[in-house]
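Notes follow once the structure below has been shown.
The values are calculated or read from the model by the stated rules, or taken from the named source; none is laboratory data. It should be emphasised that the depicted structure is a prediction, and the values quoted were computed from it without experimental measurement. Note: ideal-geometry Cβ built from the backbone for every residue, glycine included; neighbour counts use all protein chains shown. These accessible areas exclude ligands, DNA and RNA; they are computed on the full protein's heavy atoms, side chains included. Shrake-Rupley method; radii C 1.70, N 1.55, O 1.52, S 1.80 Å.
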Amino acid sequence: MKRTTLAVMMTVALASTSLAATANDWKDSSKDAWIDGKAETTLLLNGNLNSFNINTDVKNGKVTLTGKVDREVDKALAAELIENLDGVTSVDNKLVVVKDSKMRNKKDHDEDVSGLTDAKVATVVKTRLLFESETSGTAIDVDVKNGMVMLKGEVDSDAEKDLAEAIAKKTKDVKGVDNQLRVAKKGY
């Protein structure tokens, strides 16, 4: 009887350990899938990139970018956008530049960098608004010029308006926020 009890206890202990390991694997893979979805959405929402030519793969929070882009600035933008997502531990940027003519001159380069930063800020703010359950992310337009974020659209409450502004202000490279969101009037 003691042997049978011991055998049953050992089986239960081994099964519990195996089950815990399987649960952790599932948790890690679902977290990676969530990050991958956010990365794909971020790239898709950015009007400066052709997201259909960029592939993302996530393993333990590390995002690998593969595919083709037209310019070095596009390659840098893709990596910068993904690095700012919650849960991303690092980005391995394996994007291949297929067209880029060498840097034309310093003025063009400075405009590219400024445009890159504004595009990144706009995408990060819009993505955060979309993923925030307490904001109507699809109803809020985000424009950025020289680090200044302009929020336009209609929201349901003053609290939602304030939350959208706070999200924008907390984003890296934001110099200021012009909150032009309107609160919808409710008829009773």
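Scanning the stretch 151-180 for residues that are in contact with a helix residue (DSSP H, G or I) (Cβ under 8 Å, 6 or more places away or on another chain), open to solvent by 60 Å² or more (accessible area, probe 1.4 Å) and outside any strand (DSSP E or B) gives 172, 173.
Suppose the filter is modelled with pLDDT under 80 and under 19 Å from the mean Cα position of the chain (by Cα); does residue 116 pass it? Outline the logic, then answer.
Details: modelled with pLDDT under 80: yes; under 19 Å from the mean Cα position of the chain (by Cα): yes.
Taking the combined requirement at face value, the residue satisfies it.
Pairing each residue of the stretch 74-100 that is more than 18 Å from residue 50 (Cβ to Cβ) with any residue that is open to solvent by less than 40 Å² (accessible area, probe 1.4 Å) and hydroxyl-bearing (Ser, Thr, Tyr), provided the two are 6+ apart or on different chains, yields C-beta distances under 7 Å for 85/42; 92/64.
Tell me which residues, restricted to the stretch 69-96, are open to solvent by 70 Å² or more (accessible area, probe 1.4 Å), in contact with a Gly (Cβ under 8 Å, 6 or more places away or on another chain) and outside any loop (DSSP other than H, G, I, E, B). The answer is 96, and nothing else. Report yes if some residue within the stretch 52-59 is surrounded by 20 or more Cβ atoms within 10 Å (Cβ to Cβ) and more than 17 Å from residue 127 (Cβ to Cβ); otherwise report no. No, that holds for no residue.
With respect to (1) within 14 Å of the chain's Cα centre (by Cα); (2) open to solvent by less than 60 Å² (accessible area, probe 1.4 Å); (3) modelled with pLDDT under 80, the lone exception for residue 45 is condition (2).
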